[in-house]
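In what follows, a single structure is set out as structure tokens and then discussed.
The values are calculated or read from the model by the stated rules, or taken from the named source; none is laboratory data. This is a predicted model, so every value here is computed, not measured. Positions of Cβ are backbone-derived with ideal geometry, glycine not excepted, and every protein chain shown enters the neighbour counts.
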Amino acid sequence: MEFKYIVEEKYNNLKINEILKSRFDFSKLMLKRIRLYGELLLNSKSARMIDTAKTHDKIIVRTPNYDPETSFFRVNRLKDVPIIFEDDHIVVLNKPANLVVHPTYTHPDGTLLDLLSSNKLHAATRLDRETSGIMVLAKHSHAHYRLMKFPMERIYIAINHGIWQQKSGEISAPIKRAENSIMIRVVDNGGKTAVTNYRVLFENFKENFSLTEFKLITGRTHQIRVHSLFMGKPILADGLYGIADYFPNLSSGKNVPCIQKDICRVSLKVRLQFLELLNDLQLELDTKLDRQALHSKKLGFIHPITEQHMEFETPIPEDFKKILG
């Protein structure tokens, strides 16, 4: 990695190690590694960590194993993965639906990170395989660390079964992993704090669905999906938290609704409204999409190196438009 910095007035006459620690949040270990094995330049001349710098001086830091051939790589351009922004430290892109981000046991290769580069990339925001939309990747571990340190604004849109009684509000319901499952999450008082703000953008009373905007205050696994089901407004075509689970004879074509033991995943306050959604018309809505109707629409964050506020937004996906009309 290479870092370039023009000293600001507030750092005038400070030691270089103090500047790097304050401005780039370098740890004592990282400063030591740079001192011993890296390269430090002040106004193009070799410098020591204890040297002082003045306003407008130029500091260049090169970490151990710095290689200009690989340190400034650009990710591959893929047909279905628009790159919205890229520099030496981060990549912002619009992920398509049905593409796994990280290599996993069931998807060891062909993932987004594999396709973008042979160099290591770090996902600073997580999107499920079926979820589309904006996300940011870090090109090195320090950028990832800094991205995760600052708060992010994460706004999603989803198509939900049913009509919300309250058109905006806050969902505060703790989430934990379900017993005997490594994947499914449930609302439980013993879980971790989970808060989601929502507001309704569009309602279709005839077909009984809503376009909803969600803003994540916390970032638990499957948070919007779990909270949507808990509020009795599951996301269309959601394979884990959707309405299809509540039809025991789905494969036989009888589509007889039932109350499963995990009906407790739906808040008692809205359970009757939820049961009204268990009909063939709502089930047919699910068949119009080949993935869950969740899209990362807007992302705001502080750049890990320049510390500038950055904000990006993506349009409504085409498959959403087919449902919305």
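Residue-wise test of (1) of a type in the set (A, V, I, L, M, F, W, C); (2) farther than 25 Å from Lys149 by Cβ; (3) without any contact (Cβ under 8 Å) to a residue 60 or more places away in the chain; (4) in contact with a helix residue (DSSP H, G or I) (Cβ under 8 Å, 6 or more places away or on another chain).
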position: Val7; (1), (2), (3), (4): yes, no, yes, yes
position: Ile19; (1), (2), (3), (4): yes, no, yes, yes
position: Asp25; (1), (2), (3), (4): no, no, no, yes
position: Ile50; (1), (2), (3), (4): yes, yes, yes, yes
position: Ile90; (1), (2), (3), (4): yes, no, no, yes
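Restricting Ala53, Ala47, Ala97 to those that are touching a His at 6+ places or on another chain (Cβ under 9 Å), of a type in the set (A, V, I, L, M, F, W, C) and surrounded by 14 or more Cβ atoms within 10 Å (Cβ to Cβ) reduces the list to Ala97. Within region 149-173, the set of residues being surrounded by 15 or more Cβ atoms within 10 Å (Cβ to Cβ) and under 30 Å from Asp25 (Cβ atoms) comprises Met152, Arg154, Ile155, Tyr156.
Number of residues in region 210-239 that are among the small types (Gly, Ala, Ser) and either buried (at least 24 other Cβ atoms within 10 Å of the Cβ) or in contact with a Phe, Trp or Tyr (Cβ under 7 Å, 6 or more places away or on another chain) (or both): the value is 3. When region 177-204 is filtered for residues that are farther than 22 Å from Met152 by Cα and among the charged types (D, E, K, R), the ones remaining, listed by number, are Arg177, Glu179, Arg185, Asp188, Glu203.
To keep it simple, each residue is scored yes or no on (1) closer than 27 Å to Ile217 by Cα; (2) touching a helix residue (DSSP H, G or I) at 6+ places or on another chain (Cβ under 8 Å).
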position: Arg271; (1), (2): yes, yes
position: Leu277; (1), (2): no, no
position: Asp286; (1), (2): no, yes
position: Thr314; (1), (2): yes, no
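Sort out which residues of region 260-315 are among the hydrophobic types (A, V, I, L, M, F, W, C) and more than 25 Å from Phe230 (Cβ to Cβ), and write them in order of number. Within region 260-315, Phe301, Ile302, Ile305, Met310, Phe312 meet the criteria. Looking across region 192-213, the residues that are in a loop (DSSP other than H, G, I, E, B) and under 20 Å from Gln282 (Cβ atoms) come down to Phe205, Lys206, Glu207, Asn208. Inside region 223-269, residues that are farther than 19 Å from Ile157 by Cβ, outside any loop (DSSP other than H, G, I, E, B) and either of a type outside the set (A, V, I, L, M) or at pLDDT 90 or above (or both) make up a count of 9. Touching a Leu at 6+ places or on another chain (Cβ under 8 Å), part of a helix (DSSP H, G or I) and either of a type in the set (D, E, K, R) or under 24 Å from Lys149 (Cα atoms) (or both): does that describe Lys32? No; evaluated as a whole, the condition is false for this residue.
Could you tell me which residue of region 100-113 is farthest from Asp80 (Cα to Cα), considering only residues that are β-branched (Val, Ile, Thr) and surrounded by 10 or more Cβ atoms within 10 Å (Cβ to Cβ)? Checked region 100-113; the qualifying residue farthest from Asp80 (Cα to Cα) is Thr104. Restricting to region 56-88, and then to whatever is surrounded by 13 or more Cβ atoms within 10 Å (Cβ to Cβ) and at pLDDT below 90, can you tell me which residue is farthest from Ile19 (Cα to Cα)? If we take residues in region 56-88 being surrounded by 13 or more Cβ atoms within 10 Å (Cβ to Cβ) and at pLDDT below 90, then Phe73 is farthest from Ile19 (Cα to Cα). Taking His122 as the residue in question, decide whether it is outside the structural domain of Gln223 (by TED's automatic domain parsing), free of Cβ contacts under 8 Å to residues at least 40 places away in the same chain and surrounded by 14 or more Cβ atoms within 10 Å (Cβ to Cβ). So His122 fits the description; yes.
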